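Here's the structure, in structure tokens; my notes come after.
The values are calculated or read from the model by the stated rules, or taken from the named source; none is laboratory data. From a predicted model like this one, the values you see are computed outputs, not experimental measurements. Positions of Cβ are backbone-derived with ideal geometry, glycine not excepted, and every protein chain shown enters the neighbour counts.
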């Protein structure tokens, strides 16, 4: 109190404090009036000025903090990350209703400062509106043309498995970290679809590019980058921001070189991969005087999105699978027995999946328990919306908490255990589960 009184002796300081107090009062009054006028807002813990609820949240495991808050405030509640209001959706029923029945209202992507500095609204993963729709439509169509999710990609996967097995054999059954080898294999499968060819594991251009991309994924989820997204001015002092920028600039330069090489040997009648398709479409659009969507920045960012999201999600899931098989040898034995009985000694193919219900269940349960995107990527409301009786203003950040779907006790018999029977009926046949939602719709596209 004495400090405040002494400050008030200085006319300028006193004026500033008075103005700040007046602004806070006006803000509170306007917020109350707005809430009464437009509808009831979601409940949530009382925020502090500027800091919001940051002092009560664990930024290293924010999804756990949000799950804990839902026990008090329900399946739809709000928190303040600094001055930014965030609405959190919890549980299978709530998340599905928002993303499916209210897909347009909750369909925008909240592009935080950490991602905006890299893509500026281009590509697929962090863009909105017509640009996102056009890039997504083009990517889906052309990736399928090059075998993504079909027999074409199966052949590429089988080929790459032989190279990956060779890398594993080098360790002569001694313990080793599978991270790099698995990531290189996954990235090579994407490379063969995107560029039309794979890389050697000894090629430093390739390995360094994959390592930098994976480091960026890890650093992007750090507490320091979360703080940067809340208070962008902190970026001036954060090493994590500099790491991300440096890695992306190096990877961008490498992607440009690869694209230039493909451009120089481009044959419109012989498309080698996704980049060729984009370049051909780009030439066609330019001849018509159109440059709105098919330009260099969208190509660079889309290729970057495909590699970063596709490699990280798939590589991490595969490593979870290896870990769980080692931890639960009785489940590993049962999987091996089913494969030996149904397939024998030949190379497994996608068509075998229908005859391997237990193995299929183990794969799905691995994805569920791995929970590798626990908070999803943040969404944003495209308009004012009343959802389950709560008013949510246009432009509000929304977090569909996927971890609460994958571990919803009303949907899963043993939500915190590795239990493949979640995906088996009483006859031991595989069943699909509506609450199986390991990725958002955008990440699903990038990790087919």
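Give me a count of the residues in segment 306-318 that are buried (at least 23 other Cβ atoms within 10 Å of the Cβ) and more than 10 Å from the chain's Cα centre (by Cα).
Number satisfying all stated conditions: 3.
Considering each residue of segment 82-136, count those that are over 30 Å from residue 291 (Cβ atoms), part of a loop (DSSP other than H, G, I, E, B) and under 18 Å from the mean Cα position of the chain (by Cα), and give that number.
In the first step, residues of segment 82-136 are kept if they are over 30 Å from residue 291 (Cβ atoms); the result is 82-102, 105-106.
Pick out the ones that are also part of a loop (DSSP other than H, G, I, E, B) and you get 82-83, 90-91, 102, 105-106.
From what is left, the residues that are under 18 Å from the mean Cα position of the chain (by Cα) are 90, 106.
Qualifying residue count for the region: 2.
Could you tell me whether any residue of segment 357-369 is crowded, with 18+ Cβ neighbours inside 10 Å, outside any helix (DSSP H, G or I) and either in contact with a strand residue (DSSP E or B) (Cβ under 6 Å, 6 or more places away or on another chain) or in the same structural domain as residue 64 (by TED's automatic domain parsing) (or both)?
No: zero hits.
Could you look through segment 139-160, keep only residues that are within 20 Å of the chain's Cα centre (by Cα) and at pLDDT 85 or above, and pick out the one that is surrounded by the fewest Cβ atoms within 10 Å (Cβ to Cβ)? Break it down into steps so the answer makes sense when it comes.
Filtering segment 139-160 for residues within 20 Å of the chain's Cα centre (by Cα) gives 139-140, 143, 148-149.
Subset that is at pLDDT 85 or above: 139-140.
Working: 139: 21, 140: 15.
It comes out as 140.
Examine segment 314-325 for a residue that is in a helix (DSSP H, G or I), over 19 Å from residue 161 (Cα atoms) and at pLDDT 95 or above, and state whether such a residue exists. I'd like the intermediate steps shown before the answer.
Of the residues in segment 314-325, the ones in a helix (DSSP H, G or I) are 314-325.
Okay, now just the ones that are also over 19 Å from residue 161 (Cα atoms), so 324.
Applying the additional criterion that residues be at pLDDT 95 or above yields 324.
Within segment 314-325, one or more residues are in a helix (DSSP H, G or I), over 19 Å from residue 161 (Cα atoms) and at pLDDT 95 or above.
Give the residue, chosen from 291, 272, 281, 252, that is outside any helix (DSSP H, G or I) and in contact (Cβ under 8 Å) with a residue 40 or more places away in the chain.
Checking each option against the conditions leaves just 272.
Working only within segment 319-356, note down all residues that are touching a strand residue (DSSP E or B) at 6+ places or on another chain (Cβ under 9 Å) and surrounded by 13 or more Cβ atoms within 10 Å (Cβ to Cβ).
First pass over segment 319-356, keeping only residues touching a strand residue (DSSP E or B) at 6+ places or on another chain (Cβ under 9 Å): 353-354, 356.
Correct list: 353, 356.
Yes or no, residue by residue, for (1) outside the structural domain of residue 192 (by TED's automatic domain parsing); (2) within 21 Å of residue 302 (Cβ to Cβ); (3) surrounded by 15 or more Cβ atoms within 10 Å (Cβ to Cβ):
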{"position": "264", "(1), (2), (3)": "no, yes, no"}
{"position": "269", "(1), (2), (3)": "no, no, no"}
{"position": "280", "(1), (2), (3)": "no, yes, yes"}
{"position": "288", "(1), (2), (3)": "no, yes, no"}
